[in-house]
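All remarks here apply to the structure that follows.
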Amino acid sequence: MSEPPDPGIVGQQISYYRARAPEYDEWFFRQGRHDRGEEWNRAWFSEVEDVREELSGFRPAGDVLELACGTGLWTEQLARHADHITAVDASPEVLKLNRERLQDDRVRYVRADLFEWRRDATYDVVFFGFWLSHVPPERFGAFWDLVRFALKPGGRVFFVYSLRTETWGEKKRVGRDPRGHTTVRKLKDGREFRIVKIFYDPEELSSRLREMGWKVRVLTTGNHVLYGYGTAA
């Protein structure tokens with residue numbers, strides 16, 4: 001039986017994303033140290049665009065809940081369809097950046113640790129981008145219960161996160177936990193934080209969610225992005 005992660009890992013993860021807020025978008029846009037070369041970057045942006053098109057076709061309309069909303073890169077996409085958005089994140093720094101990016105009074109911002117947060121409404125759609133891999137294994141079921149009970153009857157879920165793409169050298173450099181639950185992340189200023197990082201096999205994830213009563217289709221774009229959408233049975 002694998003050991004549970006350090007009980008302080010969630011707090012360290014929150015601290016990391018607070019500290020990383022000013023440089024987070026550099027990762028998404030493949031700038032600076034995150035530039036992987038023209039060919040790799042082109043594939044990344046193409047696959048991200050594929051997911052945006054899928055999300056547009058999904059039409060996240062009505063009242064939308066975005067968990068771990070970050071700097072607003074996906075909130076922008078949701079705002080094209082939603083009537084109202086509740087955007088939740090533990091980092092006030094990213095909430096500020098999100099607010100500045102959107103400048104949209106249809107978005108309500110909530111600062112909260114998602115593992116402690118209790119909803120005050122139900123929603124037509126729950127969305128989370130690049131978050132599922134940061135949920136500790138022992139909290140996986142409770143997190144999906146949170147999503148289930150946040151949905152109105154017939155409500156839908158859509159999620160996105162990146163596939164494992166590191167080279168072996170990169171895995172050694174970041175100090176990945178051999179149990180596969182955590183990794184070390186380093187900021188530009190040299191500070192290091194251990195966070196939860198789990199990569200799921202699409203078929204295994206689909207099967208696990210089905211066993212939990214979800215009717216979710218899990219797909220990949222190719223090499224870089226996994227996404228899924230569906231409903232609670």
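Computed from the coordinates by the stated procedures, all read-outs in this text should not be read as laboratory data. Worth saying up front: this structure is predicted, and the values here are computed from it rather than measured. All Cβ positions, glycine included, derive from the backbone under ideal geometry; neighbour counts span all protein chains shown.
Computed packing ranks the peptides 184-197, 62-75 as 62-75, 184-197, most packed first, by mean other Cβ atoms within 10 Å. Shape of region 1-124 from the C-alpha gyration tensor: oblate (a/c of 1.5 or more and a/b not above b/c, with a ≥ b ≥ c the square roots of its eigenvalues). Annotation: amide H of Trp214 within the under-5 Å range of Ala233, sequence separation 5 or more or interchain, hydrogens built in the peptide plane.
Arg42 sits among other residues whose Cβ lies under 15 Å from its own Cβ, and their net charge, with Lys and Arg +1 and Asp and Glu -1, is -4.
Applied to region 132-138, the Karplus parametrisation 6.51 cos²θ - 1.76 cosθ + 1.60 on θ = phi - 60° returns per-residue 3J(HN,Hα) values of 4, 5, 9, 8, x, x, 6 Hz, with x for Gly and Pro. Just how far, in whole angstrom, is region 3-59 from region 183-198 if you go by their alpha carbon centroids? The two parts, judged by their Cα centres, are 13 Å apart.
In summary, the convex hull built on the alpha carbon positions of the chain has an orientation-averaged projected area of 12.4 nm². Along each principal axis, taking the top coordinate minus the bottom one, the Cα set of region 64-171 gives 45, 31, 23 Å in descending order.
Protection proxy ranking of 91-100, 210-219, by the mean of other Cβ atoms within 10 Å over each peptide's residues and highest first, is 91-100, 210-219. Remark on Leu151: its backbone amide H falls under 5 Å from those of Tyr123, a criterion applied only to residues 5 or more positions apart or on other chains, H modelled at 1.01 Å from N.
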